[in-house]
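Colleague: One structure is given below, represented as structure tokens, and several questions about it will come after.
The values are calculated or read from the model by the stated rules, or taken from the named source; none is laboratory data. If you're wondering where the values come from, they're calculated on a predicted model, not measured in any experiment. A quick note on method: Cβ atoms are made from the backbone with ideal geometry, for glycine too, and the neighbour counts reach across all protein chains shown. Ligands, DNA and RNA are excluded from the accessible area calculation, which covers all protein heavy atoms including side chains. Shrake-Rupley method; radii C 1.70, N 1.55, O 1.52, S 1.80 Å.
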Amino acid sequence: MHTVPPLRIRQVNQAPVQPGGDYVLYWMTAFRRVRSNFSLQRALEHCRELNKPLLILEALRTRYHWASDRLHRFVIEGMAANQQAIAAAANPGVYYFPYVEPAHGEGSGLLATLAKRAAVVVTDDFPCFFLPRLVKVAGRQLPVRLEAVDSNGIVPLRGTDHAFTMAFHFRRWLQKNLPRWLEKSEFPLADPLKRCELPTFEKLPASITKEWRPADLAKLLAPGGLQALPIDHSVLPASIHGGSAVAETVLKEFLKHRLARYADERNQPDANAASGVSPYLHFGHLSVHEMFTAAVRQEDWSLDCLAKKADGKNSGWWGTSPPLESFLDELITWREIGFNFCTHRPDDYDQYESLPEWCRKSLAKHAKDARPNLYDLDQFESAATHDPLWNAAQRQLVREGRMHNYLRMLWGKKVLEWSASPEDALQTLIHLNNKYAVDGRNPNSYSGIFWCLGRYDRPWAPERPIFGMIRYMSSENTARKIKVKNYLREYSEYSE
Ligand SMILES: Cc1cc2nc3c(=O)[nH]c(=O)nc-3n(C[C@H](O)[C@H](O)[C@H](O)COP(=O)(O)OP(=O)(O)OC[C@H]3O[C@@H](n4cnc5c(N)ncnc54)[C@H](O)[C@@H]3O)c2cc1C
């Protein structure tokens, strides 16, 4: 029986299914979890149809941009959690192969070698960073059918037909179209491995596991375990830990203890009222479907609670309490508009030219304005500006791999103001965000960064130096609006 909505399945190449193959291969790259995952569900559909066992390959390369101890450790912790969950399922028809490339290029050939013995390969369809290119190249090289499956959001990537340029328009579209994607049949199975009878997986030939040794995850996670890898060791592991089990705890804690304060206190750095789930969403340790289900269950919510309106406003539609409504607007409207943009603008979602024309015109008009404070990338990176609040936010990013949302906006706006040009500002923001933030390299990274330059926004009067009609923010106003005393103390240069 087919249970994955066809709109979520993309056939990447024209190669045939090989019914004589030894197994179905799930090449896990973005939805790094075994729960609530359409890709895994699709791979299991093939297993049942072809009567094959399942091989799950979760691999980690060394040569991706910004590879560091911070990102590697988070991903490897996720692998350890997957290994544990698959072992607990004790299904002889499922074999998990974690692979961490020990040196540049050593992983080359592994996918192709495993695919040669496969009946069909299923992978994750993530619309950002190097993954779309990787899947495209694999599609050309693999001798069997490659399918990319979309488990990114509540709305399938191909559920829209154009890129939305304003959150208001996207929200109005959601108010008309989202109910269809909230039906139970459009949600992934919570536990696809449960009660799944498959033929036993026969061992992989030693020639394969000798050339590409399955990763010793415990060794890699032990102190000094990442030292031999050719990645950036100066970006230290974050204080948060990766993996689906941790992610579920973080979500539960938020729903139980902080959601009630979300609408009122989300913007207060000292209040710790946000969920902290973005790193888990980014690496696929948590699914948005599970988050949504857990959040609305708290209020006995059903589809009938939705107001019958499509005015694009961010309140009065969900029919939930105000904190939950505010959370759902971030989790769905703001999160998914980024996925929508990357899907429909694959070639330029990260390029300056993708900004709306009014932004580029307004910034160009002010390109030659005097810049009383001017910093280069090194000064920004080492938090050496004149502004204590900006420096504190940058230190939080470098130290912890995260930054409070409200300060993230200020942080981006100030880089625009203090850079030689808006193009330079964009490069600085992309580099710092993606190098240090655990949740970086995501469609939301580009939404947030480009928002600072005007994407999804409208012109704001009065016209100002440097910014033109782009919305302006100042540290002084921010400090007046939000409480930052503890924040400043915590991230002052003396508290390293
Ligand atoms: C300059 C800048 C850079 C950013 N870079 C990233 C990034 O690299 N990765 C990233 O996930 N988000 C990024 N954001 C968006 C936002 O700051 C984070 O999603 C949010 O702070 C994550 O914390 P949380 O999980 O506690 O969010 P919560 O407030 O608890 O929200 C829950 C989820 O909703 C989504 N969400 C919330 N706010 C936004 C938003 N403004 N835009 C898009 N989605 C949102 C996220 O998936 C988030 O995890 C950036 C914003 C700015 C201004």
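Colleague: Relative contact order for segment 1-151: what is it in percent, counting Cα pairs under 8 Å that are at least 6 residues apart?
Modeller: Worked out over segment 1-151, it gives 41 percent.
Colleague: Something else about it: At a 1.4 Å probe, what is the % contribution of carbon and sulfur to the accessible area of segment 244-344?
Modeller: Ligands and nucleic acids excluded, carbon and sulfur give 50 percent.
Colleague: Quick one: dipole size for segment 1-151, taken about the Cα centre, charges +1 on Lys/Arg Cβ and -1 on Asp/Glu Cβ, in debye to the nearest 20.
Modeller: Rounded to the nearest 20 debye, it is 220 debye.
Colleague: Rounding to the nearest 10 and keeping the result within 0 to 90°, find how far the Cα-based axis of helix 131-141 lies from the longest principal axis of the chain.
Modeller: Between the helix axis and the principal axis of the chain, the angle is about 30 degrees.
Colleague: Could you work out how far helix 244-253 tilts from the main Cα principal axis of the chain, as a 0 to 90 degree angle to the nearest 10?
Modeller: Helix 244-253 sits roughly 40 degrees off the main axis of the chain.
Colleague: Kindly report the accessible area of segment 352-495 per residue (heavy atoms of protein chains, probe 1.4 Å, no ligands, DNA or RNA), in Å².
Modeller: 43 Å²
Colleague: To the nearest 10 Å², what's residue 200's accessible area with a 1.4 Å probe?
Modeller: We get 80 Å² for residue 200.
Colleague: May I pose another question? Residue by residue through segment 303-318, what is 3J(HN,Hα) from phi via Karplus (6.51 cos²θ - 1.76 cosθ + 1.60, θ = phi - 60°)? Round to whole Hz and write x for glycine and proline.
Modeller: Karplus-based 3J(HN,Hα) across segment 303-318 equals 4, 5, 6, 5, 6, 7, 7, 9, 9, x, 7, 8, 9, x, 10, 5 Hz.
Colleague: Of 381, 49, 299, which has the most accessible area and how do the rest follow, probe 1.4 Å?
Modeller: Ranked from most to least accessible, the order is 49, 299, 381.
Colleague: How much solvent-accessible surface does residue 35 expose, in Å² to the nearest 10, with a 1.4 Å probe and all protein chains in place?
Modeller: Rounded to the nearest 10, the figure is 80 Å².
Colleague: While we're here: What Kirkwood Rh does the chain have if only Cα atoms enter the pairwise 1/r average? Answer in Å.
Modeller: By the Kirkwood definition, the hydrodynamic radius is 23.9 Å.
Colleague: Using only the alpha-carbon atoms, what does segment 244-344 span along each of its principal axes? Please give whole angstrom values in decreasing order.
Modeller: 37, 35, 26
Colleague: For segment 360-415, which whole percent of the accessible surface, found with a 1.4 angstrom probe, sits on carbon and sulfur atoms?
Modeller: 55 percent
Colleague: A follow-up question, please. Roughly speaking, what is the stretch gain from residue 379 to residue 260, that is 0.36 nm per residue apart minus the C-alpha to C-alpha distance, in nm to one decimal?
Modeller: Value of the extension gain: 38.9 nm.
Colleague: Could you look at segment 1-141 and say what percent of its accessible area is carbon and sulfur, using a 1.4 Å probe and all protein chains?
Modeller: So the carbon and sulfur contribution to the accessible surface is 53 percent.
Colleague: I've got another one for you. For segment 244-344, what is the accessible area per residue in Å², given a 1.4 Å probe and the full set of protein chains?
Modeller: Value for segment 244-344: 41 Å² per residue.
Colleague: If you place +1 on the Cβ of every Lys and Arg, -1 on the Cβ of every Asp and Glu, and leave all else neutral, what size is the dipole of the chain about its Cα centre, to the nearest 20 Debye?
Modeller: Dipole size: approximately 540 debye.
Colleague: Still on this structure, please answer the following. Helix 38-50 sits at what angle to the longest principal axis of the chain, using alpha carbons and giving 0 to 90 degrees rounded to 10?
Modeller: Rounded to the nearest ten degrees, it is 10.
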